[in-house]
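Asker: I am attaching a structure below and will ask some questions about it afterwards.
The values are calculated or read from the model by the stated rules, or taken from the named source; none is laboratory data. Being a predicted model, the structure only gives us computed values, none of them experimental. No Cβ is skipped: glycine too gets one built from the backbone with ideal geometry, and neighbour counts run over all protein chains shown. Calculation scope for accessible area: heavy atoms of the full protein, side chains included, ligands and nucleic acids excluded. Shrake-Rupley method; radii C 1.70, N 1.55, O 1.52, S 1.80 Å.
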Amino acid sequence: MHTHSLAKYMECIYRGDWRGVGELMLSSADKLAKTGADFLICPDNTIHQALPYIEQRSPLPWLHIAEVVAAEAAERGFRRIGLTGTRWLVESGIYPEKLTARGLEYARPDAAEREEINRIIMDELVCGVFKPEAVTYFQRVIGRMREDGCDAVVLGCTEIPLIMNDGNSPLPTLDSTRLLAKAALRRAVGSYTADPPS
């Protein structure tokens, strides 16, 4: 396990420097390769946007979080997936690319919802602040996605499952962090494929 500080990553993200984000990821990859790792994972959804800049130079293969989630969604028979996460994530092609490759549709929060979800994540959840109003807001957005035809929602940020889960969500949840951890474990013991076991 290795990471640079969130502050270093955010310096790059705030200025739109995804190549810089990639270089931070690559430096971690190099360190982990030297310690004997077989493959790499990144539980942060947002910075997967930088993977295309460094994958060809990476010393080890990456297990892609959105690919794991898309495989799970397809396995469970979902058809249209709502996306939640930072605004950088939901405005990117990270999930759309992997979902559409499996014949799945997706829906994004609208612009105002993206900004408020991003604010809740960055100003509250990252700081360990959990407010009932944040839960209510997520429920409202996910409820709207359900009305828009979604049958599941991606919790596309490490912090979202701190307040949202199958017990309080209007839609079944796809917890990206937990799904990635399970896929990594399967891969580590030699049984991972792009499709989860039945």
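Asker: Take segment 109-131 and flag every residue that is crowded, with 19+ Cβ neighbours inside 10 Å, in contact with a Phe, Trp or Tyr (Cβ under 9 Å, 6 or more places away or on another chain), over 20 Å from residue 5 (Cα atoms) and not hydrophobic (A, V, I, L, M, F, W, C).
Answerer: Hit for segment 109-131 is 113, nothing else.
Asker: Among (1) under 22 Å from residue 159 (Cα atoms); (2) surrounded by 16 or more Cβ atoms within 10 Å (Cβ to Cβ), which single condition is residue 20 missing?
Answerer: (1)
Asker: From the list 28, 58, 92, which residue is polar (S, T, N, Q) and in contact (Cβ under 8 Å) with a residue 40 or more places away in the chain?
Answerer: 92
Asker: For the subset of segment 143-156 comprising residues that are assigned to a loop (DSSP other than H, G, I, E, B) and open to solvent by less than 10 Å² (accessible area, probe 1.4 Å), which member is farthest from residue 120 (Cα to Cα)?
Answerer: That would be 150.
Asker: Go through the residues of segment 163-177 one by one and say whether even a single one is of a type in the set (A, V, I, L, M), assigned to a strand (DSSP E or B) and at pLDDT 95 or above.
Answerer: Scanning segment 163-177, I find at least one residue that is of a type in the set (A, V, I, L, M), assigned to a strand (DSSP E or B) and at pLDDT 95 or above, so the answer is yes.
Asker: Another question about this same structure. Could you please give the count of residues in segment 26-66 that are touching a strand residue (DSSP E or B) at 6+ places or on another chain (Cβ under 9 Å), closer than 20 Å to residue 6 by Cβ and open to solvent by 50 Å² or more (accessible area, probe 1.4 Å)?
Answerer: So the answer is 1.
Asker: Are any of the residues in segment 69-82 among the basic types (Lys, Arg) and open to solvent by less than 70 Å² (accessible area, probe 1.4 Å)?
Answerer: Yes, some residue in segment 69-82 is among the basic types (Lys, Arg) and open to solvent by less than 70 Å² (accessible area, probe 1.4 Å).
Asker: Restricting segment 157-183 to residues that are in contact with a Ser or Thr (Cβ under 7 Å, 6 or more places away or on another chain) and closer than 21 Å to residue 77 by Cβ, which is surrounded by the fewest Cβ atoms within 10 Å (Cβ to Cβ)?
Answerer: 166
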